[in-house]
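Chemist: I have a structure I would like to understand better, so I am pasting it below and will then ask my questions one at a time.
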Amino acid sequence: MEAHNQEKIIQTYFSKYPLYLRLGENIKEAVENLLIEKGIETISVNYRVKKLEQFLQKVERKKCANPFEQMTDICGIRVICYLKKDIKKIEEIVGKEFEIVERNKKLSNLPLREFGYRSKHLIIKIKSDWAKTPNYRGLENLKAELQIRTILMHAWAEIEHK
């Protein structure tokens, strides 16, 4: 990556970082409330915004010419639930409340060793109606990756990471 181009990407990253933090916090809170309304118990709903170093590594690795359009996981939300059957229910709830841009099912055709990576990945955006409210204003064009997995899938992923 050219130094001038990298500098521009870094400046854009820092200007958008607070927006991605707001996006993560707002989606996390909305998902928690929606799941409580529907009586679905979870272990946790968390979010993170990709740190600059990891962001730049991915830009380089994936040869992203326009990383803020191409990368869908700058903001990541993870829902950890108890039961496999809850994954589908959570996906349906999210589908009604958010715009699903892409679905990526990482549940099949994986060797046993990669059990932890089996989860439902949704690329979501907030709906245009929500963008009219103060909490979501300015976030309508940002994407987030929402992962849904069970506690056992999550535990396995953590063990594999070590």
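Chemist: Could you name every one of the helices (runs of 4 or more DSSP H) located completely within segment 1-113 that has at least 2 residues being surrounded by 13 or more Cβ atoms within 10 Å (Cβ to Cβ), in contact (Cβ under 8 Å) with a residue 12 or more places away in the chain and in contact with a strand residue (DSSP E or B) (Cβ under 9 Å, 6 or more places away or on another chain)? Full working, then the answer.
Modeler: Numbers: elements: 3-37, 52-62, 67-70, 84-97.
Correct list: 3-37, 84-97.
Chemist: Please determine, by comparing only the residues of segment 116-143 that are among the hydrophobic types (A, V, I, L, M, F, W, C) and buried (at least 16 other Cβ atoms within 10 Å of the Cβ), which one is modelled with the lowest pLDDT. Steps first, please.
Modeler: The initial filter retains those residues of segment 116-143 that are among the hydrophobic types (A, V, I, L, M, F, W, C), namely 122-124, 126, 130-131, 139, 142.
Then drop every residue that is not buried (at least 16 other Cβ atoms within 10 Å of the Cβ), which leaves 122-124, 126, 130, 139, 142.
Numbers: 122: 97, 123: 97, 124: 98, 126: 96, 130: 93, 139: 97, 142: 97.
Per the stated criteria, the residue is 130.
Chemist: So which of 152, 146 ends up being at pLDDT below 95 and of a type in the set (A, V, I, L, M)?
Modeler: On the way: 146 fails: at pLDDT below 95.
After ruling out the rest, the residue left standing is 152.
The values are calculated or read from the model by the stated rules, or taken from the named source; none is laboratory data. All of these numbers come straight from a predicted model, not from anything done at the bench. Neighbour counts are summed over all protein chains in view; Cβ atoms, including those assigned to glycine, are modelled from backbone coordinates with ideal geometry.
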